[in-house]
Amino acid sequence: MRLDDTTLRDGHQTPGVTFTVEEKIEIARMLDEAGVHQIEAGIPVSSPEDEEAVKRISKEVSASVMGWSRAHPRDVEAVARTGADAIAISMPTSPLHLKYKLGIGWREALSRIREAVRLAKNLGLYVSVSAEDGSRTPYRLLRQYAEVILEAGADRLRLADTIGILTPDITKKLVRRIIRDVGIEVEIHAHNDLGLAVANTLAALEGGASWASVTVNGLGERAGNAALEAVVTALKVIYGKDVGFKLDRLYRLSRLVEKVSGIPVGYFTPIVGENVFRHSSGIHVDGLLKHPYTYQPISPEEVGRKTEFVFDKYSGKALINWKLKAMGLKLPETYVEELRMLLVQKAYRLKRALREEELEAEIKGFLALKGLKI
Ligand code: MN
């Protein structure tokens, strides 16, 4: 199973997100060092900036570098000129897209994609061919498309769930069926319009897909793409699969992309969200202080983060005792309970949790009040 990170292409298509060439290179380097297998770096034909970015990233990284292209000779040639070793050629396959967007028929679509694949292969590129809106394409057509591109020399089919309407069950069956009928390698390219991008990506892998399109922080059009951090962590936690990606780089990658994209990561975003490794409730904190896996699917250190304990209305004595111990103190049980009640009242008054340093200050205040020595 291999990862094709498209933060710099599909992620870059997010309205308002503009990476400079230098920023793209910085992200690409970090992705490369973390162990992503392929970096989809941009759309060379779209601007001198993107052409330059793909060119420079191709020189900088050891991962495969891919440029995106429509099924036009001019686009394909622009990718080849950058020195990228791989190309993603995209063509819609759904009747809706072909009729209303391109205004062409099925035979014309097949003929265009066939020519584009042949040209790309002649230019020495590794070729991934998208079936754009593939999830709304009748199976009979999708199968024929896959056969045509394979025959023209394509290295894999990128099955694009362009508007994010697949379910895990359908995805798995569809991928399995294409592989069985056509014998082509499949990449899943899932969108998150209904919150299923990660689930559908994992389902595709279960069905035999060998590549997954992902983006850092799930960046992308509309509700975004399948998030790299969730996909790669799920592979490890759920499937026990090591795809050669250094999980401890995930948080740094996320922070970098958050900074240069200007798109804030959600509070509950798996793996990288602010709340994900923060704990306050008594039973959870007690468990976590005994073992990191009691209330986390993975330890925060494994993904480059730290556990954060905060005191809130449901917090218990375990957290207070833990903090006391860190301060080199021990209090009689009755005092700990009294302190807990005071802190609970405080949390209710403030309508928020107390950070570790606030908890420490509260403990000191309590000790002073009781005339106890620190
Ligand atoms: Mn996409």
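Each reported figure results from applying straightforward, stated rules to the coordinates on display, with no laboratory input. Keep in mind the model is a prediction, meaning the values are calculated, not measured. In this analysis, Cβ positions are derived from the backbone assuming ideal geometry, glycine residues included, and neighbour counts consider all displayed protein chains.
For residues that are within 16 Å of the ligand (Cβ to nearest atom) and in a helix (DSSP H, G or I), scanning just region 226-255, find the one that is surrounded by the most Cβ atoms within 10 Å (Cβ to Cβ). Please lay out each step first, then the result.
If we filter region 226-255 for residues that are within 16 Å of the ligand (Cβ to nearest atom), which is where we start, we get 226-228, 231.
In the following step, the residues that additionally are in a helix (DSSP H, G or I) were identified as 228, 231.
Values: Leu228: 32, Val231: 29.
Taking the candidates together, the pick is Leu228.
Looking at Leu331, Leu372, which one is more than 19 Å from Leu289 (Cα to Cα), part of a loop (DSSP other than H, G, I, E, B) and in contact (Cβ under 8 Å) with a residue 40 or more places away in the chain?
Working: Leu331 fails: more than 19 Å from Leu289 (Cα to Cα).
It is Leu372.
Confirm whether Val65 is crowded, with 16+ Cβ neighbours inside 10 Å and more than 16 Å from the ligand (Cβ to nearest atom).
Values: crowded, with 16+ Cβ neighbours inside 10 Å: yes; more than 16 Å from the ligand (Cβ to nearest atom): yes.
For Val65, the condition - crowded, with 16+ Cβ neighbours inside 10 Å and more than 16 Å from the ligand (Cβ to nearest atom) - is met.
Give Ala212, Ala223 a once-over and let me know the one that is assigned to a loop (DSSP other than H, G, I, E, B) and within 16 Å of the ligand (Cβ to nearest atom).
On the way: Ala212 fails: assigned to a loop (DSSP other than H, G, I, E, B).
That would be Ala223, the only listed residue that is assigned to a loop (DSSP other than H, G, I, E, B) and within 16 Å of the ligand (Cβ to nearest atom).
Of Val186, Val182, which residue is over 18 Å from Gly266 (Cβ atoms) and away from the ligand (no atom under 16 Å from the Cβ)? Don't jump to the end; show me each part of the working.
Values: Val186 fails: away from the ligand (no atom under 16 Å from the Cβ).
Every option except Val182 fails the conditions.
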